[in-house]
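K.L.:
Can you keep this structure in mind? I'll have questions shortly.
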Amino acid sequence: MFVLRQCLTLGTKSSVRNFAAATNLVNVKINEDTGVVIMELNKPPVNSLNYELLEAMHRTLVKLENERCSGMILTSSSPNTFSAGLDLLEMYKPTVDKARKFWGMLQNTWIKLYSAPYPTVAAINGHSPAGGCLLAMSCEYRIMVPKKKIGLNETQLGIVAPQWFQDCMKNIIGSRQAEKALIAGTLFSSEEAAKIGLIDELATDKEDLMKKAHDFMDEQLGLPPLARSTVKIGFRKDTLNRLINSREVDTKYFIDFIFQPKVQESLEMYLQALKKK
Ligand SMILES: CC/C=C\C/C=C\C/C=C\CC/C=C/CC(=O)SCCNC(=O)CCNC(=O)[C@H](O)C(C)(C)COP(=O)(O)OP(=O)(O)OC[C@H]1O[C@@H](n2cnc3c(N)ncnc32)[C@H](O)[C@@H]1OP(=O)(O)O
C-alpha cells in the first residue's frame with residue numbers, strides 16, 4: 001500500500017501534501033516499506049514540459065537523492081498522454097533570457113534523471129512524442145499501453161532533436177534505426193516501438209502497466225544496489241559527460257536555432273494546427 005512518506009517532507013502527512021502541492025505539477029508517492037517512489041506528471045491536459053513542470057521534476061529528483069529512495073516509476077495522471085514533450089510556447093517567441101533559463105532547467109532535469117543511481121521505469125500511459133520520449137528513454141525500462149505514439153518527431157516540426165536526445169535513442173535502438181527514425185521524425189505506435197526495442201514491454205491497460213512496472217522494480221531491488229548502479233552509470237557516463245561538458249554550447253545551439261525566423265514560422269504553424277484539431 002502506498003502512503004505519502006514523512007521523510008520526503010517536513011515531518012507530517014499534510015507537509016507531504018505541501019511538498020507535492022507547492023506546484024501541484026507532480027504527485028509524488030513513496031512506498032514506505034520498499035522505498036519505491038511513483039512520480040506522476042500532473043500538468044493537464046498533456047503534460048507539456050514547461051519551465052515550471054521541469055523545475056518541479058528537478059526539485060523532486062534532488063530531494064530523492066537525499067532520501068531512502070530505492071527506485072522510481074515515472075508516469076502521468078493524464079488519461080491519454082504521458083507527456084506531449086517540450087511546451088512549444090516556451091520556444092515560440094520567448095525572450096533570450098526565458099529561453100536560456102528554460103533550456104538550463106531541461107538540461108538539469110535530464111542529467112538528474114539519466115544519472116539516477118536507483119532503478120527507473122517509465123510507465124508510459126499515453127502518447128509520448130519528442131521531449132516525452134526523451135523522459136521515457138532516460139529511464140532504464142519502458143512499458144507502454146497499446147495504440148499510442150512514441151518517438152522523436154522534431155524533424156516533422158521543422159526543429160532538430162538535440163545531440164543528447166539523439167544519443168539516448170541511439171543507445172536504445174542502435175545507430176541505424178535511430179538515424180532513420182530521427183531523419184524522418186518517426187512517431188512509432190506502441191506495438192512498433194516494442195518491435196524495435198524502443199519500449200521493453202507492452203501492457204494491456206494502466207492497471208497492467210503499473211503491475212508490470214512494479215514487477216520490474218521488484219526484480220531490480222533483488223540486486224546488490226552498488227553493483228547495479230555502478231554498471232548503469234558506466235553505460236551512461238559518455239552520454240552524460242557529452243552534455244555536461246558542453247552545456248553552454250548546447251544552450252547556444254538551442255537559442256541560435258529557435259530564434260531563426262524560419263523555425264519560428266514552423267512553430268507558429270504547428271501550434272495553429274494543434275489548436276485547430
Ligand atoms: C545535433 C543537434 C544540433 C542542433 C540542434 C540545436 C538545437 C535544437 C533546437 C530545438 C530543439 C527543441 C526540441 C524540442 C523537443 C520537443 O519536445 S518539441 C514538442 C513536440 N511535441 C509534439 O509534437 C506533440 C504535440 N502534441 C500532440 O501531438 C498532441 O497534443 C498529443 C498527441 C500529445 C495529445 O493529443 P490530444 O489528447 O488530442 O490533445 P490536443 O492535441 O487536443 O492538445 C490539448 C491541448 O494541449 C496543447 N498542446 C499539445 N501539445 C503541446 C505542446 N507540446 N506544447 C504546448 N501545448 C501543447 C494543444 O495545443 C491543446 O491546446 P488547446 O486545448 O487547444 O488550447
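Please treat every number below as a calculation from the coordinates, not as lab data. The structure presented is a predicted model; accordingly, all values stated were derived computationally and were not measured. With ideal geometry, Cβ positions are generated from the backbone for all residues, glycine too; neighbour counts draw on all protein chains shown.
K.L.:
Lys and Arg at +1, Asp and Glu at -1: add these up for the other residues within a Cβ distance under 13 Å of LYS180 and post the number.
P.N.:
0
K.L.:
Hey, fewest Cβ within 10 Å first, where do ILE159, ILE183 land in order?
P.N.:
ILE183, ILE159
K.L.:
Restricting the count to DSSP beta bridges whose residues both fall in the chain, what percent are antiparallel, rounded to a multiple of 5?
P.N.:
So the antiparallel bridges amount to about 30 percent of the total.
K.L.:
Take SER189, project a point 7 Å from its Cα along the Cβ direction, then tell me which residues of the range 140-159 have their backbone nitrogen under 14 Å from it.
P.N.:
Correct set: 145-150.
K.L.:
Which entries in the list LYS112/LYS252; LYS43/LYS276; LYS212/LYS237; LYS29/LYS275; LYS148/LYS262 go over 24 Å, if you measure between the two C-alpha atoms of each?
P.N.:
Beyond 24 Å: LYS212/LYS237; LYS29/LYS275; LYS148/LYS262.
K.L.:
Just how far, in whole angstrom, is the range 243-267 from the range 193-217 if you go by their alpha carbon centroids?
P.N.:
34 Å
K.L.:
How far is helix 163-173 tilted, in degrees, relative to the longest principal axis of the Cα atoms in the chain, given as a value from 0 to 90 rounded to the nearest 10?
P.N.:
Between helix and principal axis, roughly 60 degrees.
K.L.:
Could I ask something else about it? Sort out for me the Cα centre separation of the range 142-162 from the range 90-130, rounded to whole Å.
P.N.:
Between the Cα centres of the range 142-162 and the range 90-130 lies a distance of 14 Å.
K.L.:
Still on this model: Identify all aspartates and glutamates with a Cα-Cα distance to LYS149 below 17 Å; exclude those on the same chain that are fewer than 8 residues away in sequence.
P.N.:
The reachable aspartates and glutamates, counting only those whose Cα sits under 17 Å from LYS149, are GLU191, GLU192, ASP200, GLU201, ASP205.
K.L.:
As I understand it, the value is the acute angle between the Cα axis of helix 225-244 and the longest principal axis of the Cα atoms of the chain; what does it come to in degrees, rounded to 10?
P.N.:
Around 20 degrees separate the two axes.
K.L.:
With a/c under 1.5 counting as rounded, go ahead and sort the range 42-175 into rounded, prolate or oblate using the C-alpha gyration tensor (a ≥ b ≥ c being the square roots of the eigenvalues; past the cut-off, prolate if a/b is larger than b/c, else oblate).
P.N.:
rounded
K.L.:
If amide H atoms are built 1.01 Å from N in the plane of the peptide, which residues on other chains or at least 5 residues away come under 5 Å of the amide H of PHE188?
P.N.:
ILE150, GLY151
K.L.:
Taking θ as phi - 60°, what are the ³J(HN,Hα) couplings along the range 82-96 by the Karplus curve (6.51, -1.76, 1.60), each to the nearest whole Hz, with x for Gly and Pro?
P.N.:
Using θ = phi - 60°, the values come out as 6, 7, 7, x, 4, 5, 4, 5, 6, 10, 8, 6, x, 7, 4 Hz.
K.L.:
For the chain, what does the helix formula give at 222 nm: sum of -39500 (n - 2.57) over DSSP H segments with n ≥ 4, over the residue count, nearest 500 deg cm²/dmol?
P.N.:
Rounded to the nearest 500, the figure is -16500 deg cm²/dmol.
K.L.:
What are the residues whose amide H is under 5 Å from the amide H of THR120, where those residues sit 5 or more places off or on another chain and H is modelled from the backbone?
P.N.:
MET72, GLU140, TYR141
K.L.:
While we're on this one: Just to confirm the number: angle between the C-alpha axis of helix 51-65 and the first principal axis of the chain, 0 to 90 degrees, nearest 10?
P.N.:
With rounding to tens, the tilt is 30 degrees.
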